[in-house]
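K.L.:
Dropping a structure here in structure tokens format, bear with me for questions.
The values are calculated or read from the model by the stated rules, or taken from the named source; none is laboratory data. No experiment lies behind these values; they were computed from the predicted model shown. Methodologically, a virtual Cβ is constructed for each residue, glycine included, from the backbone with ideal geometry; neighbour enumeration extends over all protein chains shown.
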């Protein structure tokens, strides 16, 4: 096949996105574990490792720009690179959300959690599953999957509402809980945004495959 | 005249709907076939080329793009054993009809070739010659200046109009040929790989010029260079030869669409370098 070098480089670019995705997935998982255990050491590691995620994102961006400059990609090849440039922004921001959760761990200081975490880990599991599967769809060009994944954003939104209502009731009952309840609201908000960004990835994958720009799931938040 | 959706759809390839009803048509081509002896070089091309726009024709060597462009100003009349059937309406008039004077067609529809081919005469005479032969009665110096200005060459040659056109650089020679074509006041300009013999700077100058010229002229350009097609054209047609070496129009779309989201797999494979 002609253009083997380019095909190889494009494939490598997609692999780099998957690697970035797994770094981010790990950060999200660790952030919620660190929160459950209020593990400050782990939280500091997540904050530090976010720098590596940012660095990786810029490396991929540079690689994508080099491909545009040197290979003049067109049609689907061009859409793949356009999708990569967008997806890495969403992934990098997801890393920031995980870092946000890690910072909330540190904010707790010597205080314990307001309550045992129930819905927050569920949100995290759901959001991580969405991210992972959206990247699978990116590799396998599966548009059907992207629609199904985007629809699941509503479930994460519903969990977010539930967490919000529960924390409001804590605050009404006892204003001394306001600080720690607010911390957990921020956590839920970070996870909710991660799911939104997984939906963005799905939209990009669909565009990459079909060439049509379409908004899948408009969030109420 | 405008493209109707029914017309736009009858080539058997995906033509975008948005063309319908929106664009003035310069060339309305229906069932165009062409043979060189027994070789069926161009098969059943039906397409409308918009007026005052740049249309690029792309495709691998031997796909019929030069044959097609040569049908648009009766250039194939000059080729031995060439035979053309079908209809090419230029602003409503069938220019393939035997009653139509081919020389007049070529005056209305100018052509610029791959290699610059100035006459072995002065720069001034290169531009003035065609106009004079066509009986131009106005102020010749004005026409020469106007044509050279339109071809973005005036500033470079205004002090040496008496020098030979052959003394110019390749890029300047090509712009001189464009000025020569413009001097007879054509309605359309056909360009057959006008930049393939030029360096990148000269190429960019011609490309810049096309953006200017399309305000006044309909331009059809054949190019091997897909980046050039994507830079300069508003619409792009992709041609491909079938198993019996007959060139066919596979897809015709607005350029941005053809290069970002082609509708035919063969177009996609060609522009992404999967074959060709």
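K.L.:
Name the one entry in B:181, B:197 that is more than 14 Å from chain A (Cβ to nearest Cβ) and in a loop (DSSP other than H, G, I, E, B).
P.N.:
B:197
K.L.:
Name the residue, out of A:168, A:172, that is farther than 19 Å from residue A:127 by Cβ, exposed (fewer than 15 other Cβ atoms within 10 Å of the Cβ) and in contact with a helix residue (DSSP H, G or I) (Cβ under 9 Å, 6 or more places away or on another chain).
P.N.:
Matching residue, one of A:168, A:172: A:168.
K.L.:
Give the residue that is nearest to the chain's Cα centre (by Cα), with candidates limited to residues of the range B:225-243 that are farther than 13 Å from residue B:259 by Cα and buried (at least 24 other Cβ atoms within 10 Å of the Cβ).
P.N.:
B:239
K.L.:
Does at least one position in the range A:70-79 carry a residue that is within 14 Å of chain B (Cβ to nearest Cβ), more than 23 Å from residue A:135 (Cβ to Cβ) and in a helix (DSSP H, G or I)?
P.N.:
Yes, there is a match, as at least one residue in the range A:70-79 is within 14 Å of chain B (Cβ to nearest Cβ), more than 23 Å from residue A:135 (Cβ to Cβ) and in a helix (DSSP H, G or I).
K.L.:
Restricting attention to the range B:224-254, which residues are closer than 23 Å to residue B:31 by Cα, touching a helix residue (DSSP H, G or I) at 6+ places or on another chain (Cβ under 6 Å) and within 14 Å of another protein chain (Cβ to nearest Cβ)?
P.N.:
B:236, B:238, B:250, B:251
K.L.:
Still on this structure, please answer the following. In the range B:41-78, how many are under 19 Å from residue B:268 (Cα atoms) and either surrounded by fewer than 23 Cβ atoms within 10 Å (Cβ to Cβ) or free of Cβ contacts under 8 Å to residues at least 40 places away in the same chain (or both)?
P.N.:
So the answer is 3.
K.L.:
Scan (1) surrounded by 17 or more Cβ atoms within 10 Å (Cβ to Cβ); (2) touching a residue at least 40 places away in the same chain (Cβ under 8 Å); (3) touching a helix residue (DSSP H, G or I) at 6+ places or on another chain (Cβ under 6 Å) for the single condition residue A:75 breaks and write down its number.
P.N.:
Unmet condition: (2).
K.L.:
Hey, another quick one. In contact with a helix residue (DSSP H, G or I) (Cβ under 8 Å, 6 or more places away or on another chain), at pLDDT 95 or above and over 21 Å from residue A:213 (Cβ atoms): does that describe residue A:80?
P.N.:
No; evaluated as a whole, the condition is false for this residue.
K.L.:
(1) over 20 Å from residue B:190 (Cβ atoms); (2) away from every other protein chain (no Cβ under 11 Å); (3) within 20 Å of the chain's Cα centre (by Cα): which one isn't true of residue B:259, the others all being true?
P.N.:
Unmet for residue B:259, out of (1) over 20 Å from residue B:190 (Cβ atoms); (2) away from every other protein chain (no Cβ under 11 Å); (3) within 20 Å of the chain's Cα centre (by Cα): (2).
K.L.:
Answer yes if at least one residue in the range B:204-214 is part of a strand (DSSP E or B) and either more than 14 Å from chain A (Cβ to nearest Cβ) or in contact with a strand residue (DSSP E or B) (Cβ under 8 Å, 6 or more places away or on another chain) (or both), and no otherwise.
P.N.:
Checking the range B:204-214: not a single residue is part of a strand (DSSP E or B) and either more than 14 Å from chain A (Cβ to nearest Cβ) or in contact with a strand residue (DSSP E or B) (Cβ under 8 Å, 6 or more places away or on another chain) (or both).
K.L.:
Further question on the same structure: Give A:195, A:188, A:181, A:206 a once-over and let me know the one that is in contact with a helix residue (DSSP H, G or I) (Cβ under 6 Å, 6 or more places away or on another chain), assigned to a helix (DSSP H, G or I) and within 14 Å of chain B (Cβ to nearest Cβ).
P.N.:
A:206
K.L.:
Hey, another quick one. Could you check the range B:131-163 and list, in sequence order, the residues that are in contact (Cβ under 8 Å) with a residue 40 or more places away in the chain and either touching a strand residue (DSSP E or B) at 6+ places or on another chain (Cβ under 6 Å) or crowded, with 19+ Cβ neighbours inside 10 Å (or both)?
P.N.:
Once the filter is applied, which keeps residues that are in contact (Cβ under 8 Å) with a residue 40 or more places away in the chain and either touching a strand residue (DSSP E or B) at 6+ places or on another chain (Cβ under 6 Å) or crowded, with 19+ Cβ neighbours inside 10 Å (or both), the range B:131-163 yields B:131, B:143, B:150, B:151, B:162.
K.L.:
A further question on this structure: Being assigned to a loop (DSSP other than H, G, I, E, B) and on the phi < 0 side of the Ramachandran plot narrows it down to one of A:113, A:139, so name that one.
P.N.:
Answer to the check: A:113.
K.L.:
Moving to a separate point now. All but one of (1) at pLDDT below 95; (2) surrounded by 17 or more Cβ atoms within 10 Å (Cβ to Cβ); (3) more than 14 Å from chain B (Cβ to nearest Cβ) hold for residue A:66; state the number of the condition that does not hold.
P.N.:
Single failed check for residue A:66: (2).
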